[in-house]
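Report on the following structure.
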Amino acid sequence: MSENATPSAAEPAAEGTVTAARALVAQLESYGVEYVFGTCGHTNIALLDELGPSSVEFVIARHEQAAAHAADGYARASGKPGVLLTHVGPGLMNAVTGVATAAMDSVPLVVISGDVPSYYAGRHPHQEVNLHADADQAAIFGPFSKRTWHVHQVADLHRTVERAFWTATSGRPGAVLVNVPMDHFSRRVAPYAGDHALPAVTSRPALDTATAERIARMLLEAERPLIYFGGGLREPRARQDLLALAEHLDIPLAHSLMGKGVLPDRHPLLLGMPGFWGLETTHTHTKGADVVLALATRFAETDASSWDPAHTWNFPPSRLIQIDIDPAEIGRNYPVEIGAVSDVGEAVRAIGAAVRTARPEPLTRAGLRESIAVARRGVFDTAREDGRSDAFPLRPQRILADLRDALPDDAVLVTDVGWNKNGVAQCYELPETGRFITPGGASTMGFGPAAAVGVQLAEPDRTVVALIGDGGMSAQLPAIPMAVERNLPVLFVVMNNRAHGTIADLQSASFGRSYGCEFTDAEGRPYSPDFAALGRSCGAGGYSVAEPADLAKALADALERRVPAVIDVPMVNEPVPTPGHWNIKDIYRGSFAD
């Protein structure tokens with residue numbers, strides 16, 4: 001039978017062949033895939049049927065955005081690519097926000113989607129996306145995926161999947177799509193024999209010696225150098241090399257939002273985060289630096305105070321050295337004196353070696369560490385003092401303080417957007433073994449609940465907390481049954497101010513009132529679902545905080561029981577302090593940039 005002919009019956013099983021679905025599952029097993037996240041549909045059940053008896057577990061998410069966020073969280077925590085399985089049309093489209101979130105944060109995600117039968121393409125079979133072009137759903141991922149493939153022939157499936165995993169994980173990691181007409185899963189192929197294995201040994205681009213020596217000279221000659229790093233320095237060796245370089249030259253360090261937790265918050269050279277939610281002491285260093293070494297960061301708008309030189313970065317006269325694995329990021333927002341495309345860990349290692357060759361003895365900058373320590377203590381001590389408040393509903397600082405006291409040092413905080421992201425990045429003192437995971441590039445509300453489930457799958461022995469607002473929890477309710485079904489002890493801590501609080505504050509500051517941002521009932525009274533009752537209805541623990549001391553008690557009980565739990569915490573709508581600048585307020589006043 002021709003592959004493109006309409007079959008009148010099931011394709012006969014040729015001797016020595018298996019379905020492409022079975023062969024694909026064997027390929028995934030050989031790649032070390034532990035979990036596939038997703039939802040079922042008529043276009044992917046042939047693959048699901050083969051996953052059933054395999055070593056790869058399918059995690060049912062009830063909604064594709066939740067599945068994508070869970071796969072994203074798993075990838076961030078494990079370092080392995082997340083794998084997502086979707087259905088044609090609405091299934092794939094529901095996943096867009098979650099996949100784009102991963103893509104914009106450089107998280108490796110492999111999406112496998114069923115599509116309409118190859119022999120019906122263009123005739124508008126059930127759920128085909130074809131108004132612009134026939135069978136065109138793969139085009140939906142075009143703006144944010146590294147690569148999309150449409151498998152035209154089943155013989156190409158193994159090669160395409162191998163390319164997908166390689167592309168997702170190499171260079172700047174990201175999201176990819178393998179789009180498979182549903183009939184291909186049931187076609188007969190030879191069993192997978194490992195002929196499309198992933199490379200056993202891979203390497204990343206290193207920094208050449210001449211460039212490393214030039215950068216070393218600039219750092220050694222600088223009077224006020226600064227190192228600014230993003231979230232791409234997660235490998236333990238890269239972190240150690242970064243610390244060794246900074247300590248040898250006594251250089252202050254600042255981190256982007258995504259860089260929170262790369263280095264211990266109490267390190268004596270760490271200034272903290274710059275930008276809108278950054279600190280005045282950090283901005284004194286960022287504006288006054290004569291040489292800035294920027295590592296794996298794109299200088300995002302909020303981290304850079306809308307690129308206004310009066311507030312955070314000042315290039316020129318500051319001279320910028322920018323190193324990134326992605327050439328598109330070099331010089332995107334600021335002019336560079338030296339731009340290098342390299343793995344940042346390899347680059348830091350090479351620069352450190354060049355520095356120690358040129359200057360074997362460590363350098364000391366008088367008073368630097370002491371001034372940083374005073375400023376950092378001020379930030380954390382102020383937050384802790386504010387956290388002593390017994391006001392009810394609770395102040396957000398009280399919620400963070402109770403969390404810090406209750407959680408083990410190696411707990412993972414997975415946040416959404418609002419106070420739970422910006423406040424944590426600014427004033428939550430993360431222990432050295434702790435982890436902070438947040439949606440940076442897309443700032444996606446609803447990321448936290450399901451992402452925490454994926455993190456817990458990757459880190460079964462650690463405490464994982466989804467620290468989220470009531471808006472974010474409402475957006476991703478499927479995360480609770482997903483955790484219950486797999487008995488994952490995720491703590492869903494809902495900072496409940498009965499509003500999209502950050503936007504309500506912004507609207508009030510800009511327009512004098514908040515409309516369409518606060519949750520009210522038909523009579524205009526503040527409204528919120530009972531998230532604790534919702535947790536209990538799903539089979540999780542459910543805790544309602546009714547007075548200040550209840551949160552600490554609920555946390556202690558949930559941690560001891562080690563089961564999924566929802567803690568509903570009434571919170572006052574209090575803005576995160578914003579010492580920096582964000583041009584969005586000026587835009588609302590009509591002060592448009594040229």
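Structure notes:
- Asp505 charged (D, E, K, R), touching a residue at least 24 places away in the same chain (Cβ under 8 Å) and assigned to a helix (DSSP H, G or I): yes
- Looking only at residues of the stretch 332-386 that are part of a helix (DSSP H, G or I), farther than 22 Å from Ala294 by Cα and among the acidic types (Asp, Glu), we find that the one that is modelled with the highest pLDDT is Glu370.
- Hey, Asn497 of a type outside the set (A, V, I, L, M, F, W, C), open to solvent by 10 Å² or more (accessible area, probe 1.4 Å), in contact (Cβ under 8 Å) with a residue 60 or more places away in the chain and within 16 Å of Ala61 (Cα to Cα) or not: no
- Restricting the stretch 516-562 to residues that are polar (S, T, N, Q) and outside any strand (DSSP E or B), the residue that is farthest from Val464 (Cα to Cα): Ser528
- Index of the failed condition, Lys146 passing every other in (1) closer than 28 Å to Gly73 by Cα; (2) charged (D, E, K, R); (3) more than 23 Å from the chain's Cα centre (by Cα): (3)
- Output for the stretch 255-287, where each listed residue is of a type in the set (Gly, Ala, Ser) and open to solvent by 20 Å² or more (accessible area, probe 1.4 Å): none
- Selection of first residues in the stretch 431-445 that are touching a residue at least 12 places away in the same chain (Cβ under 8 Å) and closer than 17 Å to Gln456 by Cβ and of second residues that are part of a loop (DSSP other than H, G, I, E, B) and among the basic types (Lys, Arg), restricted to Cβ pairs under 7 Å at least 6 apart or on distinct chains, gives the following pairs, ordered by first then second residue: Phe436/Lys260.
Each row is one residue, and each column tells you yes or no for (1) within 27 Å of the chain's Cα centre (by Cα); (2) at pLDDT 90 or above.
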site: Tyr543; (1), (2): no, yes
site: Ala549; (1), (2): no, yes
site: Pro564; (1), (2): yes, yes
site: Pro570; (1), (2): yes, yes
site: Ala593; (1), (2): no, no
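- Candidate set: the stretch 359-370, residues that are touching a residue at least 60 places away in the same chain (Cβ under 8 Å) and either surrounded by 12 or more Cβ atoms within 10 Å (Cβ to Cβ) or of a type in the set (A, V, I, L, M) (or both); chosen: the one nearest to Arg398 (Cα to Cα): Arg369
- All of (1) open to solvent by less than 50 Å² (accessible area, probe 1.4 Å); (2) modelled with pLDDT of 95 or more hold for Trp166 with one exception: (1).
- Enumeration of residues in the stretch 252-282 that are over 23 Å from Gly418 (Cβ atoms) and touching a residue at least 60 places away in the same chain (Cβ under 8 Å): Pro252, Pro264, Arg266, Pro268, Leu269, Leu270, Leu271, Thr281
- Ala175 in contact (Cβ under 8 Å) with a residue 40 or more places away in the chain and either touching a Lys or Arg at 6+ places or on another chain (Cβ under 7 Å) or surrounded by fewer than 20 Cβ atoms within 10 Å (Cβ to Cβ) (or both): yes
- The residues of the stretch 315-327 that are open to solvent by 60 Å² or more (accessible area, probe 1.4 Å) and over 20 Å from Leu271 (Cα atoms), listed by number, are Pro316, Pro317, Pro327.
- Selection within the stretch 200-218 - open to solvent by 60 Å² or more (accessible area, probe 1.4 Å) and out of contact with any Asp or Glu (no Cβ under 9 Å at 6 or more places or on another chain): Ala200, Val201, Thr202, Asp208, Thr209, Ala210, Glu213, Arg214, Arg217
- So Arg298, is it under 25 Å from the mean Cα position of the chain (by Cα) and open to solvent by 50 Å² or more (accessible area, probe 1.4 Å): yes
- Subset of the stretch 301-314 [part of a loop (DSSP other than H, G, I, E, B), free of Cβ contacts under 8 Å to residues at least 40 places away in the same chain and either open to solvent by less than 30 Å² (accessible area, probe 1.4 Å) or more than 16 Å from Trp582 (Cβ to Cβ) (or both)]: Trp313, Asn314
- Residues that are open to solvent by less than 10 Å² (accessible area, probe 1.4 Å) and touching a Gly at 6+ places or on another chain (Cβ under 6 Å) within the stretch 453-473 comprise Gly454, Val455, Ala466, Ile468, Gly472, listed in sequence order.
Residues are listed down the side, and each one gets a yes or a no for (1) among the hydroxyl-bearing types (Ser, Thr, Tyr); (2) in contact (Cβ under 8 Å) with a residue 40 or more places away in the chain; (3) within 19 Å of Val88 (Cβ to Cβ); (4) not in a strand (DSSP E or B):
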position	(1), (2), (3), (4)
Ile112	no, yes, yes, no
Tyr119	yes, yes, yes, yes
Pro125	no, no, yes, yes
Leu131	no, no, yes, yes
Ile140	no, yes, yes, yes
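- Exclusive hit being surrounded by fewer than 18 Cβ atoms within 10 Å (Cβ to Cβ), within 30 Å of Ala479 (Cα to Cα) and under 32 Å from the mean Cα position of the chain (by Cα), set Ala100, Ala139, Ala95: Ala139
The values are calculated or read from the model by the stated rules, or taken from the named source; none is laboratory data. Quick caveat: nothing in here was measured; it's all calculated off a predicted structure. Backbone-built Cβ (ideal geometry, glycine too); neighbour counts: all protein chains shown. Keep in mind that these areas ignore ligands, DNA and RNA; they rest on the heavy atoms of the full protein, side chains included. Shrake-Rupley method; radii C 1.70, N 1.55, O 1.52, S 1.80 Å.
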